[in-house]
Amino acid sequence: MRTLLAQPFTLHDVTNLRREVAEQAERCGLSGPRLDDFVLAVHESIVNAIEHAGGHGYFRLWTVDGIIRAETTDQGSGIPEGYVEGRRRPSGLTSTGRGIYLIRRLCDNADFRTGPHGTTVRLTMRLPRGPDPGARRVMRRIRVSAGGHPQGRFTA
């Protein structure tokens with residue numbers, strides 16, 4: 001496990017935290033729409049904590065085993081029954097309930113643990129497969145000649 005970010009947050013931290021999450025996730029290999037989706041889901045989880053759980057929380061971002069995870073924790077009174085599921089698209093007439101709905105659709109996995117003493121939202125995205133860092137690279141043979149003379153020929 002490699003921790004990328006771990007910090008408390010308030011409303012004043014939202015913009016910088018969103019920017020830092022985007023930069024870290026991009027360094028880990030997320031790009032294009034998957035990067036945008038992950039950053040938006042993280043943003044929604046942070047804003048939900050600010051709006052509904054006392055205006056502050058704690059955020060962690062890490063990578064492990066080919067995934068990137070974000071965790072937002074607050075000490076609010078919990079998410080009301082019926083909202084956690086977030087499976088149905090909220091009505092266009094309602095002003096609440098979109099955050100959880102979006103989070104569930106934007107990430108590969110979203111886990112909500114909630115109760116009267118707070119909520120933890122854990123978001124997971126698979127990272128694209130890259131070259132195996134443990135794979136042995138084969139060195140190419142090159143021929144170099146010094147001044148075109150046969151005796152100056154060198155092979156590595």
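The values are calculated or read from the model by the stated rules, or taken from the named source; none is laboratory data. Keep in mind that what you see is a predicted model, and the values were worked out from it rather than measured. We place every Cβ from the backbone using ideal geometry, glycine too, and count neighbours over all the protein chains shown. The accessibility values were calculated without ligands, DNA or RNA, using every heavy atom of the protein model including side chains. Shrake-Rupley method; radii C 1.70, N 1.55, O 1.52, S 1.80 Å.
Annotations for the structure displayed:
- Residue 77 - accessible surface, heavy atoms, 1.4 Å probe, Å² rounded to 10: 90 Å²
- Under the simplified labelling scheme, the residue 2-residue 26 pair shows an inter-label distance of 1.7 nm, with each label point 7 Å from Cα along Cα→Cβ.
- Per residue, the accessible area of region 1-93 comes to 59 Å² when a 1.4 Å probe rolls over the protein heavy atoms.
- Zone residues, region 10-26, relative to residue 58, backbone N less than 20 Å from point 7 Å out along Cα-to-Cβ: 10-14, 17-18, 21
- Apolar share of the accessible surface for region 1-67: 50 percent from carbon plus sulfur atoms, 1.4 Å probe.
- Peptides 113-123, 3-13 ordered by packing proxy, namely the average of other Cβ atoms within 10 Å per residue, highest first: 113-123, 3-13.
- Additional length obtainable on full extension of the chain from residue 40 to residue 105, 0.36 nm per residue less Cα span: 22.3 nm
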